[in-house]
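Report on one structure; see the data block that follows.
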Amino acid sequence: GAVVSQHPSWVICKSGTSVKIECRSLDFQATTMFWYRQFPKQSLMLMATSNEGSKATYEQGVEKDKFLINHASLTLSTLTVTSAHPEDSSFYICSAIGTSGSQETQYFGPGTRLLVL
Amino acid sequence: GESVGLHLPTLSVQEGDNSIINCAYSNSASDYFIWYKQESGKGPQFIIDIRSNMDKRQGQRVTVLLNKTVKHLSLQIAATQPGDSAVYFCAENYYGNQFYFGTGTSLTVIP
């Protein structure tokens, strides 16, 4: 149980375009999901908390208008990188609070690698 | 806020030896911690967790130690195997459900 998927796995886009990344909880409902970004050989940086049915909560320094988050259902959160530029190229990872057996903890998706040309 | 690493520290161990990976966390109010393993190009994978009311927790081949006095966590891997080669992160929780990640350590197991 507690499987999180992301789509797409890879995306290459031109500078100035917008890219949408989906995060799904496959076998459980998640009222809260999280979005992280990770640069090569660096740690995960929490970008925002996605709340089902309400606005996302962004970490300090993360541009809300740049990274649009929508959590329209209990199993789906989307992150849209608007007007992407090369510096937005990164590995984007989502996570959700789920339960496996008796354990409730945070489970991660496989990540989406974004390359902006 | 979160801890963002620069370049990952590295640790190399011989296959069969025990590994100890250390993590300094940032917030004394943190009350829940998780160790994650991340293989190249993949998302983090849960290994083991510990709450602040404990100082030690054991899993299969792994043990986590928590020292709240010095804000330090360690992950011990017994009889390290080549499949253990990965980057290991500790993550702390002190507010809501958000987790903040430490710098990470790259573990290489030498056959």
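The values are calculated or read from the model by the stated rules, or taken from the named source; none is laboratory data. Keep in mind the model is a prediction, meaning the values are calculated, not measured. Glycine gets a Cβ as well: all are built from the backbone with ideal geometry, and neighbour counts include every protein chain shown.
What to note about this one:
- Among the conditions (1) closer than 23 Å to A:Glu104 by Cβ; (2) within 13 Å of another protein chain (Cβ to nearest Cβ), the only one that B:Ala29 does not satisfy is (2).
- Checklist (1) out of contact with any strand residue (DSSP E or B) (no Cβ under 6 Å at 6 or more places or on another chain); (2) polar (S, T, N, Q); (3) surrounded by 20 or more Cβ atoms within 10 Å (Cβ to Cβ) applied to A:Ser50, failing item: (1)
- Residues of segment A:1-56 that turn out to be not in a strand (DSSP E or B) and not hydrophobic (A, V, I, L, M, F, W, C), as a count: 19
- Filter pass, A:Gly111 being in contact (Cβ under 8 Å) with a residue 40 or more places away in the chain, in contact with a Phe, Trp or Tyr (Cβ under 6 Å, 6 or more places away or on another chain) and either facing chain B (nearest Cβ under 10 Å) or farther than 22 Å from B:Phe101 by Cα (or both): yes
- Considered as a group, the residues in segment A:70-104 that are touching an Asp or Glu at 6+ places or on another chain (Cβ under 6 Å) and surrounded by fewer than 22 Cβ atoms within 10 Å (Cβ to Cβ) include one that is nearest to the other protein chains (Cβ to nearest Cβ), and that residue is A:Leu74.
- Complete set of residues in segment B:91-105 that are more than 8 Å from chain A (Cβ to nearest Cβ), of a type in the set (S, T, N, Q) and over 15 Å from A:Thr32 (Cα atoms): B:Thr105
- Test: residue in segment B:61-77 that is outside any strand (DSSP E or B), within 14 Å of another protein chain (Cβ to nearest Cβ), modelled with pLDDT of 90 or more and under 26 Å from A:Pro110 (Cα atoms): no
- Residue in segment B:63-72 that is in contact with a His (Cβ under 9 Å, 6 or more places away or on another chain) and more than 23 Å from A:Ala30 (Cα to Cα) present: yes
- Enumeration of residues in segment B:12-33 that are aliphatic (A, V, I, L, M) and either modelled with pLDDT under 95 or in contact with a helix residue (DSSP H, G or I) (Cβ under 6 Å, 6 or more places away or on another chain) (or both): B:Ala24, B:Ala29
- Matching entry among A:Ser50, A:Ser54, A:Ser77 (being farther than 17 Å from B:Ile34 by Cβ and over 14 Å from the mean Cα position of the chain (by Cα)): A:Ser54
- Among residues of segment A:74-117, those that are under 20 Å from A:Asp27 (Cβ atoms), part of a loop (DSSP other than H, G, I, E, B) and of a type in the set (Val, Ile, Thr), counted: 1
- Close pairs (6 angstrom Cβ cut-off, 6 or more residues apart or separate chains): under 13 Å from A:His85 (Cα atoms) in segment A:1-29, in a loop (DSSP other than H, G, I, E, B) and of a type in the set (Val, Ile, Thr) anywhere: A:Ser18/A:Thr82
- With respect to the stated conditions, A:Ser89 is at pLDDT 95 or above, closer than 22 Å to B:Ser40 by Cβ and more than 10 Å from the chain's Cα centre (by Cα).
- Segment B:90-111: number of residues that are among the hydroxyl-bearing types (Ser, Thr, Tyr) and within 16 Å of A:Ala48 (Cβ to Cβ): 2
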